[in-house]
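Nothing in this text is a laboratory measurement; each read-out follows from the coordinates by a stated rule. Fair warning: this is a prediction, and the values are worked out from it, not measured in the lab. Note: ideal-geometry Cβ built from the backbone for every residue, glycine included; neighbour counts use all protein chains shown.
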Amino acid sequence: MTLREIVTVPNDVLRRKAHKVKNFDKELGIIIDDMIETVRDAPGVGLAAPQIGILQQIIIVEFGDEDDPEAPSKLYAVVNPEITYSSEEKLFGAEGCLSVPGIMGDVERSLSIAVRGQNRNGKKVKYKLDGWVARIFQHEIDHLDGIIFTDRAERIWEPAPEDYEDNV
């Protein structure tokens, strides 16, 4: 596995739409493994392939249980993710981004979503997600469409160091 460089604004790759993955091969597995290592090293809770300069629909999300901080984190590696349901109930929350260092913002997101996609082998996967992990998925899937959290933010600010804990 290799640490990849995280692309930051204003790099235009962050504003381009990612392409659907069609080949579920060894190269895809290497990209996914590198993304996992990169997001863990950052450290972050999510990463989309465009954030490492790859215009493919791949996201990594790794986050623990909100109700049980002692529970191990769950790792999601989703290829060609698509939100198939978004709750009408929405909530504002603070978000940051590895590609937009030094800035945070209040972003309104659906409280619950359903996502379908594929795993690294091309097998179909479906997830019903709530709360913070739903927020992370929405944030990362936005990256696949060239959308950055600041595009959706109601308020943007420069955070104090403690503000970065547990933010996207």
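Quick look at the values:
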| quantity | calculated |
| --- | --- |
| Where a residue in segment 28-46 is touching a residue at least 40 places away in the same chain (Cβ under 8 Å) and its partner, wherever it lies, is crowded, with 21+ Cβ neighbours inside 10 Å and assigned to a helix (DSSP H, G or I), with Cβ under 7 Å and at least six apart | M35/A49; M35/I52; V45/I136; G46/V39; G46/I136; G46/H139; G46/E140 |
| Residue count for segment 51-65, restricted to those that are surrounded by fewer than 19 Cβ atoms within 10 Å (Cβ to Cβ) and assigned to a helix (DSSP H, G or I) | 0 |
| Pairs where the first residue, in segment 70-92, is free of Cβ contacts under 8 Å to residues at least 12 places away in the same chain and the second is of a type in the set (D, E, K, R), C-beta under 8 Å, 6+ apart | A71/D65; S73/E62 |
| Matching residues, segment 8-42, being in contact with a strand residue (DSSP E or B) (Cβ under 8 Å, 6 or more places away or on another chain) and either exposed (fewer than 14 other Cβ atoms within 10 Å of the Cβ) or part of a loop (DSSP other than H, G, I, E, B) (or both) | A18, H19, K20, V21, F24 |
| Near pairs, Cβ below 6 angstrom, 6+ apart or cross-chain, from segment 111-125 (farther than 17 Å from M35 by Cα) to any residue that is among the basic types (K, R) | A114/K128; R116/K126 |
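Condition check ((1) within 16 Å of H139 (Cα to Cα); (2) crowded, with 19+ Cβ neighbours inside 10 Å) across all residues:
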position: G44; (1), (2): yes, yes
position: A49; (1), (2): yes, yes
position: P69; (1), (2): no, no
position: F92; (1), (2): yes, no
position: P101; (1), (2): yes, no
